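One structure below.
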Amino acid sequence: MTMDWTQLAGLWRPALEILLLTLGIYGALRFVRGTRGWPVVVGFLVVLLTLALVTYLLDLKVLRWLLGTVFAFSAVAVLIIFQPELRRMLAELGNLPLFATTREQRENIEVIIQTCERLADVRIGALIAIEQSIRLPEAVEPGIEVDCVATPEMLECIFFPNNAIHDGGVLIKGDRITHAACIFPLSRRQDLSKSLGTRHRAALGLAEETDAVVVVVSEETGAISYAHKGQLVRGVTLEELRAFLSATLIQPGKTRGVLAWLRAGFVARLKPGPAVVTRAEANPPLSPPP
């Protein structure tokens, strides 16, 4: 017996509910993965699935009632246990690329450009990591939480010699400085030049483990470099740095609406990242080892 059109039309609501629940659960698990609350999530799911399986197989009515009671208070438990993660998730909703205009993104890039220009002129070393999809505080030793608007003046103050937090790297998310005095993981590659300093090795190490864009200003020479996707490009001009940051951080999919942004993010996960375009000069990019 075939289903009539009325029954078929009534199936879209359950299908939509299942889809929304699946996306919600997947997004929540993906968000808390790698955080301090992730072991709690794993432990809770293991205990819950084990008890549910035992209850179903042995038909334990009392235990089934207890599980139902626990589910009634699970929402309150989630709010208490995962309060830091939930606060950060709500705070990051306003920083999604969906809400960032091209003008704001270009202004953020100009902050980096002006900072590099000022520090390079006086030969003050700097190490700046620009966060993208991977949360950087979980990939580095976060140092000191700053949480202020990113401006050239503030970055100059942070990297000024003898400042209490000048040693280490700075994390930038959107238009805000989130952390300072961070310790980045050093690259373990054996093909690096012996003259490569600690800042450049730290920039390359972070670029190998995350999708962050890391900008370096050499304290010895004032030269500007950047690292991204496991490649380090040294001795670039301000215009070349601006062009690279614009091509990497400003994407059309970030300003074309919800569907275009989701489609661009899905395609980016399926295909490899674009090749880094560098100058054909005496300092070529350090290519990954074979």
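The values are calculated or read from the model by the stated rules, or taken from the named source; none is laboratory data. Keep in mind that what you see is a predicted model, and the values were worked out from it rather than measured. Cβ coordinates were reconstructed from backbone atoms using ideal geometry, including for glycine residues, and neighbour counts include every protein chain displayed.
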- Message: Just to be sure I understand, how many residues within the stretch 168-191 are closer than 19 Å to Ala227 by Cα and outside any strand (DSSP E or B)?
- Response: 10
- Does at least one position in the stretch 222-239 carry a residue that is of a type in the set (A, V, I, L, M) and assigned to a helix (DSSP H, G or I)? yes
- Confirm whether Ile165 is of a type in the set (A, V, I, L, M) and farther than 21 Å from Leu249 by Cβ. yes
- Query: Of the residues that make up the stretch 211-221, is at least one under 22 Å from the mean Cα position of the chain (by Cα) and at pLDDT below 90?
  - Reply: yes
- Note on the structure: If we keep only residues of the stretch 1-51 that are of a type in the set (Lys, Arg) and at pLDDT below 70, then the residue nearest to the chain's Cα centre (by Cα) is Arg33
- Condition broken by Arg199, with the remaining ones in (1) under 21 Å from the mean Cα position of the chain (by Cα); (2) part of a loop (DSSP other than H, G, I, E, B) satisfied: (2)
- Task: Sort through Ile177, Ile128, Ile172 and tell me the only one that's crowded, with 20+ Cβ neighbours inside 10 Å, in contact with a Cys (Cβ under 7 Å, 6 or more places away or on another chain) and within 27 Å of Ile250 (Cβ to Cβ).
- Result: Ile177
- Message: So Pro137 passes all but one of these: (1) assigned to a helix (DSSP H, G or I); (2) without any contact (Cβ under 8 Å) to a residue 24 or more places away in the chain; (3) of a type outside the set (Asp, Glu). Which condition number does it fail?
- Response: (2)
